[in-house]
Amino acid sequence: MELRVFWTDTARFQLEDIFDYYKNAASLKIARKLVNHIIDRTIQLEQKPNSGPKEPLLSNRKFEYRYLVEGNYKIIYWIENNYIIIATVFDCRQNPEKMKNI
């Protein structure tokens, strides 16, 4: 079964925020590189969707949330039907309790 990666609006907006922040705080080149690394990290999910560990802070949810780590960011996703749905890109430098607001 071939799965496809789908980014929620929330996750896409977070990528845009990350890009804008690093574009202003560092440089356009660094912003592009960081965002591309985050996106590229999700490509492995098409072949190995369960490669990320389960997210314990979201264990009481309807879906089984998993995550991948890229730099300071957790890419949180779940699998439904033929899709790997990227729910959020969470900055791990925040209080982990904020993740429960997803």
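What follows draws every value from the coordinates through simple rules; no lab data is involved. On a predicted model such as this, the values are computed, not experimentally measured, just so you know. Every residue, glycine among them, receives a Cβ derived from its backbone with ideal geometry; neighbour counts consider all protein chains shown.
Each Lys and Arg Cβ is given +1 and each Asp and Glu Cβ -1; about its Cα centre, region 1-77 then shows a dipole of about 120 debye. Taking amide H positions as modeled 1.01 Å from N, with prolines and chain starts lacking one, the residues under 5 Å from Thr8 and 5 or more places away or on another chain are Ile86. So how many Lys-Lys pairs in the chain land under 19 Å Cα to Cα, not counting same-chain pairs under 8 apart? Step by step, the pairs that qualify in the chain add up to 11. Going by neighbour counts of Cβ atoms within 10 Å, the residues Leu34, Leu68 line up, fewest first, as Leu68, Leu34.
Three semi-axes describe the equivalent ellipsoid of the chain; taken as square roots of 5 times the Cα gyration tensor eigenvalues and ordered largest first, they are 23, 17, 11 Å. Taking every DSSP helix (H) stretch of at least 4 residues in the chain, weighting each as -39,500 (n - 2.57) and dividing the sum by the residue count yields a mean residue ellipticity at 222 nm of -10000 deg cm²/dmol. Summarising the label geometry, the points placed 7 Å from Cα in the beta-carbon direction at Asn50 and Asp9 lie 3.3 nm from one another.
Amide H contacts for Ile102 (H built 1.01 Å from N in the peptide plane; partners 5 or more residues away or on another chain; cut-off under 5 Å): none found. Amide hydrogen proximity for Glu70: with H placed 1.01 Å from N in the peptide plane, the residues at 5 or more positions away or on another chain lying under 5 Å are Ile75. Neighbour counts of C-beta atoms inside 10 Å place Thr42, Thr10 in the sequence Thr10, Thr42, starting with the fewest. The string of couplings for region 93-102 from the Karplus curve (6.51, -1.76, 1.60, θ = phi - 60°) is 7, 8, 5, x, 4, 4, 4, 5, 7, 5 Hz, one whole number per residue in order, with x for Gly and Pro.
Along the chain, the longest continuous region that contains none of the GluC sites (Glu not before Pro) in a DSSP loop with at most 14 other C-beta atoms within 10 Å is 3-63.
Residues in region 74-89 carry Karplus couplings, in order, of 9, 9, 9, 9, 9, 10, 8, 6, 9, 10, 9, 9, 7, 7, 7, 10 Hz; the curve used is 6.51 cos²θ - 1.76 cosθ + 1.60 with θ = phi - 60°, and Gly or Pro positions show x.
For Lys33, Lys23, Lys100, the sequence from fewest to most other C-beta atoms within 10 Å is Lys100, Lys33, Lys23.
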